[in-house]
1. Could you please rank LYS69, LYS13, placing first whichever residue has the fewest other Cβ atoms within 10 Å of its Cβ?
2. Between ASN27 and LYS123, take the C-beta separation as r, use R0 = 35 Å, and let me know the FRET efficiency to the nearest 0.05.
3. When Rg and Dmax of the Cα atoms in Å is calculated directly from the model, which label among (i) 17.1, 56; (ii) 14.7, 44; (iii) 17.9, 56 fits?
4. Could you give the nm distance between label points at THR59 and ASP11, where each point is 7 Å from its Cα heading toward the beta carbon?
5. Counting each DSSP H run of 4 or more residues in the chain as -39500 (n - 2.57), what helix-only mean residue ellipticity at 222 nm follows after dividing by all residues, to the nearest 500 deg cm²/dmol?
6. What distance in nm separates the simple spin-label points at LYS69 and LYS97, each placed 7 Å from Cα in the Cβ direction?
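Please treat every number below as a calculation from the coordinates, not as lab data. This is a predicted model, so every value here is computed, not measured. A quick note on method: Cβ atoms are made from the backbone with ideal geometry, for glycine too, and the neighbour counts reach across all protein chains shown.
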Amino acid sequence: MFLSNYENRIDKKGRVSVPATFRSHLNSMGYNGFITYPSFNHVALEACSQDRIEKLSNTIDTLNPFEEKRDYFATSVLSESINLQFDTEGRVSLTEKLLNHAKITNNVLFVGLGKTFQIWEPKNFEKFKFLARKKAFQNRSSLKWENKQKGEQ
């Protein structure tokens, strides 16, 4: 899983080191990189494995091929997705378009979200984290624990 958050600096060539735990998780799944695309929920980047983007693509494909919704999702996610490969030092190069979307200039914050992660400008994430914590507290009763076997907790 992708857990925790890590802040790294972008070098003069636009490269940033991906956290070792994130690289290790992706490598264990057989990947030497990840897919990223501009989030349409946040001023951030969404990031995931190839498997995850294929699952998202399959979900989009279940929509009617002649419906505008399908085109909107495919355009917003799939056409904007970029496959970033790790270099020998575990870095990736974020494109100017991606950096502009997330308003990233110097530092990058990798934020683990379980099966996916996001890439933020650190100060923007701090603002969002405050709101997210407040909303999570307000909605805490909607998070249910599902028992796998009878009596298991």
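1. LYS13, LYS69
2. The pair ASN27/LYS123 has a calculated efficiency of 0.70.
3. (i)
4. 3.5
5. -9500 deg cm²/dmol
6. So the label points at LYS69 and LYS97 sit 2.7 nm apart.
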